[in-house]
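The values are calculated or read from the model by the stated rules, or taken from the named source; none is laboratory data. Quick caveat, the model's predicted, so the values are computed rather than measured. For neighbour counting, all protein chains shown are included, and Cβ atoms are generated from backbone atoms with ideal geometry for every residue, glycine included. Surface areas here come from the heavy atoms of the whole protein model, side chains and all, with no ligands, DNA or RNA. Shrake-Rupley method; radii C 1.70, N 1.55, O 1.52, S 1.80 Å.
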Amino acid sequence: MWRDKYGEFMSSTPDHNGLRRRLPGGSWDLYADIVPIFCATNKSWGVDVYDLYASVNFQNDHWLAIWISIPKRHIVVWNIIVKHISKAQLDEVMEHFLTMVPYLLVECASTDEERIKYSLEPFMYERATVRVPQCIAGNCGVYALKYIECHALG
């Protein structure tokens with residue numbers, strides 16, 4: 001969703017505070033965790049939820065796992081097949097998250113107190129390489145999801 005609409009987001013004109021850009025449809029629903037309906041928690045990012053996990057598809061043939069730490073303003077990327085994606089390619093994939101997550105935190109905050117806790121400055125990211133299990137081509141999606149599950153559970 002975000003990668004497809006990132007160009008529209010960046011080309012929309014912000015107001016004098018850097019806000020009011022055009023977010024992709026459904027962004028508020030993700031922020032407030034009201035979708036998918038069958039497992040909605042109604043907990044907002046940065047208010048009730050401070051760690052986000054996602055699997056990210058790269059060129060329709062590879063999966064990455066990411067952990068977004070809202071308080072640390074930091075994203076960790078677990079790439080199960082390290083040689084499959086270069087640093088430059090990973091920078092391009094991560095740009096959307098680094099820019100849009102902080103923007104969403106500020107834009108969707110329901111109070112000024114919540115809004116001032118965050119800034120529009122992009123998050124930072126790192127590619128974890130230590131203690132990341134390597135797999136063979138074809139099962140990186142399963143590994144990515146399992147890695148997310150294990151990390152989330154501690």
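A few points about this structure:
- One decimal place: the segment MET124-VAL142 gains 3.9 nm when fully extended, by the rule 0.36 nm per residue minus the C-alpha distance.
- The range 53-154 - percent of accessible surface contributed by carbon and sulfur, probe 1.4 Å: 57 percent
- Extended-chain gain in nm, criterion 0.36 nm per residue less alpha-carbon gap, LYS83 and SER12: 22.0 nm
- Nearby aspartates and glutamates by direct alpha-carbon distance to LYS83 (threshold 17 angstrom, same-chain neighbours under 8 apart not counted): ASP61, ASP91, GLU92, GLU126
- Rounded to the nearest whole Hz, the Karplus-based 3J(HN,Hα) values (6.51 cos²θ - 1.76 cosθ + 1.60, θ = phi - 60°) of the range 114-127 follow the sequence 5, 5, 7, 5, 10, 10, 7, 4, x, 5, 9, 9, 9, 9, with x at glycine and proline.
- Here the range 40-62 is scanned for amide nitrogen atoms under 19 Å from the site 7 Å beyond the Cα of SER110 along Cα-to-Cβ, giving 40-51.
- Note, ³J(HN,Hα) from phi for the range 58-72, Karplus 6.51, -1.76, 1.60, rounded to Hz, x at Gly and Pro: 10, 6, 6, 9, 7, 10, 10, 10, 10, 10, 9, 9, 5, x, 7
- 3J(HN,Hα) couplings calculated from phi for the range 73-78 with the Karplus curve 6.51 cos²θ - 1.76 cosθ + 1.60 (θ = phi - 60°) are, in sequence order, 6, 9, 10, 9, 10, 9 Hz; Gly and Pro show x.
- Calculated accessible area for the range 99-151 comes out at 61 Å² per residue, all protein chains present (probe 1.4 Å; ligands, DNA, RNA ignored).
- Only helices enter the 222 nm calculation for the chain: every DSSP H run of n ≥ 4 contributes -39,500 (n - 2.57), and dividing by all residues gives -11000 deg cm²/dmol, rounded to 500.
- Rounded to the nearest 10 degrees, the angle from helix 140-153 to the longest Cα principal axis of the chain is 60 degrees.
- Over the range 6-71, accessible surface divided per residue gives 57 Å², non-protein components excluded, 1.4 Å probe.
- Under 25 Å from the Cα of LYS117 - lysines, other chains or at least 8 residues apart: LYS43, LYS72
- When Rg and the Kirkwood radius Rh are both evaluated on Cα atoms of the chain, their ratio Rg/Rh stands at 0.97.
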